[in-house]
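Below: one structure, written as structure tokens.
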Amino acid sequence: MSTKIPPWEKVLWKNQPYPDNYIPQGALESSLRKNPNFKPYTYWPLVHLSIAITQHLATIFIFLSVFVRLKDRSLDPRVLIFVSLGCFFVGYFVWEVLQYTQSSGGGSKHGSKRNERAKTLKSSILIFLALMSLSPVLRTLSAATSSDSIWALSACLFLLNILLADYGSSSSVAQVGPERLTSVLSMNAAISSSVVLASRLSNDLAVFALIQFSVQSFTLFPMLRRRLQAFNTRKLSTRAMQALLTFALSISSLILAAPLSSTIAFLFLLVLLAVTFFAPAVLVWAQKYKNEIRGPWDVAVPKVN
Amino acid sequence: MMLLTSKYTTSMSASLYNPSASVFWPLDCKESGYAFGWCNNNQNVGCIVVAGVIQLHTVDSKLPEGLPKLLEHTQQHTEIADLGELQLIGKCTFYSGQRKGLVAPELEMGQAIKYSIVFYHRHEAQTLRFYLMDTFGLDIDAFNVTSSSTVRPVSGRKSSGISQDIVNQLNVASIINAAILETLSSMSNATPSSTNLGQTTKSITARTSDLLETAISKSQSFISMPIQVICNIHISAKYRLKDVSLSVQQMDVRADQSAALLRQMAALQPRREGVRIESYSMKYTSFFNTVWLILNDVTIGYAFGNFLCENHEVLSGMLKDAVENFLISWPQRALCWLDSWPAGLKLNTELSRFYSGTFVDFVDIWGGVLRHTIFPQLPKIIYIFGLISSFGVLIGGMGGMTMSIALFYDMFVVLTLHIYVCYTIAVLAYERALWGLGSLWRLFRGKRFNVLRNRTDSWEYDIDQLLFGTILFTLLAFLFPTVLAYYALFALLRLATILIQASLEIQLAFMNHFPLFALVLKLKDPWRLPGGLYFDFVRVLVHVNEHEAAGAGTDEQFITTLIPIVENQPITLGRIFFQYTRLWTKLASHYDPFRLFKSLLLGRFLVPIPRFDQRDEIDT
């Protein structure tokens, strides 16, 4: 008469009649889990998130068209300076509005706000003066280098900028602190690329205008963009505003590029559409190949609730 | 065929368990009599050094009276007081048979102790030969070697059979023996007269020494001393006059040498009672080393000076042409070449024009200066160099080949002064550019060099810092090739001048420290330059009595055996040239090609080997 063998339990403190390395049938397969924390992407939120990339690309295209026009002398540098100054003030105003609305609940001290404004003022004046004094030197920087190397160098640096840029949003923006530049290398790449391009221009004022414009679009505008992105994305109004902004930027880049060369404008359009609509579709389609297997060998993830 | 007697087997086996005393016996002493010497008791193993034997003239073997007092009196002499107590050891007998060959003595000592004999050479004092446990250095300033360093206390060596004290005793043995025997032979007077140990030491003949001494002392006081004071004047906080110019340093060296000569002459006077052969011999060697060095120098200098004086016109013409060609027009041509896109490299035009304009003008100015001041006088200058080389020795000994090498070195430095200045400018610009580039590159990546931790950390810069830094980085990156090109040209020129200066300095050092006397001495009489000891074996005949012979199975009276003998190992060539090896290591480490290359790349200032560094090393 055989005694009933109790079922095997995965405990060590019991003396069980099973050998030490006993594994019941089907234990391994049942403990494997496939894609446990899988939340599949959906299309439209992805499109919404990729708006940041589109905006960045559009900025770069605008910059390139402006450069070509400056080089052809079809754009007066003074006009550019005034335009960029105007954009600067508009952007600063938007920033202040955002800061006011977002931190209206918290008690931010007046002193820190004044400090920040003073610091901003100091930085901008410093940059302005430095650029003005350095532009004669920068103009003749690469006089001996042939243009092809300059285009190649600039293209590489812009590529670096696109790849390494931070397209996220500053989520924890509750505190009023100095805005962190999360990807320093990409910003530096963009600035050096614009310096290199500016050395191809023919007069000092144009150099100054171009570099000032590039500083604004590659340094200040990303900060604003991130701030805007962190803005409440649930409401339809903000979403619409974002889409409108993107649309405006893209259209302006195309408009600026079209008279110069229609093939280039067409290419710009293609790239923008691909990044905005095509790439998320590919990503969603590729979700079905996602095959992440978790098993008993993984490090246990604690549930903190 | 070698046979060991039972006595020796017992004594040898006894040496393992019951160590026997070693008796150091002089090789040339073959008389029977009373042996006297030193008894050293190195813990348990006794070491007896026999200085000599007092022969027994008369049939009755009666010891002369007053012998212990004589021994004591001799031992009171300060120089050998630390060697131990001179005492009577025992009676020794030589059994000379019809056999030829070396015979070992038999000793009867106070206590019946086992002993084994070790021979040693007992050199006469005139030969200046001696033993030494370790090597010594032939330095110019061997006189700074005090007596304490020759008797090096080798702690922990007391238990072995031979030590520095024993060796000192071996060295002194001959003098003691001669002194005692002489005193004994004139023992008709009751009181022993003062032992004139000093007379046995070799002395330089009195007349020449006096003449030389007065000459050197006069020149020392009138010329060398003020020259030495002048040489050591401080120009700036760190540099003295002799660090700036090689000729001044050479005068300083010569003044030093003559002062040293004077000191050495005083110490080598026969009036002083010197018994310690080793220190006397070493001083003698180094004194004559210096004298030969200076004489050598003066001789070669005379020949070279004559050559210079005869051909001064031709030489000055050649020098003028060479300077014009290599030092003035060639750099100017090279600079113009750099300005016009050298080898297809496109340098920044403005900066390149600025650089080449500045340097070409500078070289021009210097060429003009040379042409107006030095070149007209060049034949006269070379003639004066020749005169100094030949006859400068009359002025306090400042002359000879070394002086002319030093003068040519200084002239070379003056002629290439413009390269030095241009190199300074170029290296400053290059180093700043390199350092700025490195720092800004770190800023480009968003990192910063943490000086506290000596590593690169990430760091959040301000926006304006980033912008400004990036723009400056691009600027520097584009200007860098131009700076590099001009720096490379002048760095190569500077390297060439430094190598030429280095070779001249090496020649000078070679002439200043050549150990000619030591080399010749090594060929002639290596015993005077000891560099250690070693033991050899000689075949001796030992007298055995009958029952021992029966025990060994023979019935002969003498048995051959081997006995160790202390031989001198002459100093190695490496030790003679030890200053050269020291100099060579210093030079090799300073002019190491990898180090030079790395200094060139990093933009460090190239210097020839710092003079005070080199000189202080040689002094010690």
* Can you find even one residue in segment B:358-369 that is of a type in the set (Gly, Ala, Ser) and over 30 Å from B:Phe408 (Cβ atoms)? -> no
* Considering segment B:455-468 alone, what residues qualify as being at the interface with another protein chain (Cβ under 8 Å from one of its Cβ atoms) and assigned to a helix (DSSP H, G or I)? -> B:Ile463, B:Asp464, B:Leu466, B:Leu467, B:Phe468
* Asked: Any residue at all in segment B:437-454 that is at negative phi, charged (D, E, K, R), more than 14 Å from chain A (Cβ to nearest Cβ) and touching a residue at least 60 places away in the same chain (Cβ under 8 Å)?
  -> no
* To do: Would you check which residues across segment A:251-305 are under 17 Å from A:Asn35 (Cβ atoms), in contact (Cβ under 8 Å) with a residue 12 or more places away in the chain and outside any helix (DSSP H, G or I) and list them?
  => A:Lys290, A:Asn291, A:Glu292, A:Ile293, A:Arg294, A:Gly295, A:Pro296
* Asked: Would a scan of segment B:488-499 turn up a residue that is touching a Phe, Trp or Tyr at 6+ places or on another chain (Cβ under 6 Å), assigned to a helix (DSSP H, G or I) and either β-branched (Val, Ile, Thr) or buried (at least 22 other Cβ atoms within 10 Å of the Cβ) (or both)?
  -> yes
* Structure fact -> Taking segment A:35-82 and the residues there that are in contact (Cβ under 8 Å) with a residue 60 or more places away in the chain and assigned to a loop (DSSP other than H, G, I, E, B), the one that is nearest to A:Val215 (Cα to Cα) would be A:Arg73
* Asked: Which condition breaks for B:Leu541 when tested against (1) crowded, with 18+ Cβ neighbours inside 10 Å; (2) within 14 Å of chain A (Cβ to nearest Cβ)?
  -> (2)
* Would segment A:144-152 turn up any residue that is under 26 Å from the mean Cα position of the chain (by Cα), within 11 Å of A:Ser199 (Cα to Cα) and either more than 11 Å from chain B (Cβ to nearest Cβ) or part of a helix (DSSP H, G or I) (or both)? -> yes
* Structure fact -> Note on segment B:335-361: residues of a type outside the set (Val, Ile, Thr), surrounded by fewer than 17 Cβ atoms within 10 Å (Cβ to Cβ) and either away from chain A (no Cβ under 14 Å) or under 17 Å from B:Tyr487 (Cβ atoms) (or both) are B:Cys336, B:Trp337, B:Pro342, B:Ala343, B:Leu345, B:Arg353, B:Phe354, B:Gly357, B:Asp361
* Asked: Is at least one residue of segment B:342-349 in contact (Cβ under 8 Å) with a residue 40 or more places away in the chain and closer than 30 Å to B:Met251 by Cβ?
  -> no
* Asked: Within segment B:228-269, how many residues turn out to be touching a Gly at 6+ places or on another chain (Cβ under 9 Å), under 18 Å from B:Met401 (Cβ atoms) and not small (Gly, Ala, Ser)?
  -> 3
* Which of the residues spanning segment B:390-410 are within 26 Å of the chain's Cα centre (by Cα) and within 13 Å of B:Ile300 (Cα to Cα)? -> B:Val393, B:Gly399, B:Gly400, B:Met401, B:Thr402, B:Met403, B:Ser404, B:Ile405
* Asked: Which one of these is touching a Phe, Trp or Tyr at 6+ places or on another chain (Cβ under 9 Å), aromatic (Phe, Trp, Tyr) and more than 29 Å from B:Phe510 (Cβ to Cβ): B:Phe375, B:Phe359, B:Phe391?
  -> B:Phe359
* To do: Return only the number of the condition from (1) in contact with a Leu (Cβ under 9 Å, 6 or more places away or on another chain); (2) surrounded by fewer than 11 Cβ atoms within 10 Å (Cβ to Cβ); (3) not aliphatic (A, V, I, L, M) that A:Arg78 does not satisfy.
  => (2)
* Asked: Hey, any hits in segment A:210-221 for a residue that's in contact with a Cys (Cβ under 7 Å, 6 or more places away or on another chain) and under 21 Å from A:Phe82 (Cα atoms)?
  -> yes
* Asked: Residues of segment B:314-354 being farther than 30 Å from A:Thr140 by Cβ and of a type in the set (Asp, Glu), which ones?
  -> B:Asp321, B:Glu324
* Checking A:Arg180 against (1) surrounded by fewer than 15 Cβ atoms within 10 Å (Cβ to Cβ); (2) more than 8 Å from chain B (Cβ to nearest Cβ); (3) modelled with pLDDT under 90, the condition it does not meet -> (2)
* Asked: Considering only segment B:439-454, how many residues are of a type in the set (D, E, K, R) and either assigned to a loop (DSSP other than H, G, I, E, B) or in contact with a His (Cβ under 7 Å, 6 or more places away or on another chain) (or both)?
  -> 1
* Complete set of residues in segment B:382-400 that are of a type in the set (A, V, I, L, M) and buried (at least 17 other Cβ atoms within 10 Å of the Cβ) -> B:Ile382, B:Ile388, B:Val393, B:Met398
* To do: Filter segment A:200-228 down to residues that are crowded, with 20+ Cβ neighbours inside 10 Å and not in a helix (DSSP H, G or I) and give me whichever is farthest from the other protein chains (Cβ to nearest Cβ).
  => A:Leu201
* Asked: If you go through segment B:300-333, how many residues are free of Cβ contacts under 8 Å to residues at least 24 places away in the same chain and within 26 Å of B:Ala255 (Cα to Cα)?
  -> 1
* To do: Considering only residues that are over 17 Å from B:Leu27 (Cα atoms) and assigned to a strand (DSSP E or B), look in segment B:557-580 and name the one that is modelled with the lowest pLDDT.
  => B:Phe558
* Out of curiosity, is B:Leu428 aliphatic (A, V, I, L, M), part of a helix (DSSP H, G or I) and away from chain A (no Cβ under 14 Å)? -> yes
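The values are calculated or read from the model by the stated rules, or taken from the named source; none is laboratory data. As the structure is a computational prediction, the values presented were derived from the model and not from experiment. Heads up, the Cβs are rebuilt from the backbone with ideal geometry, glycines too, and the neighbour counts pull from every protein chain shown.
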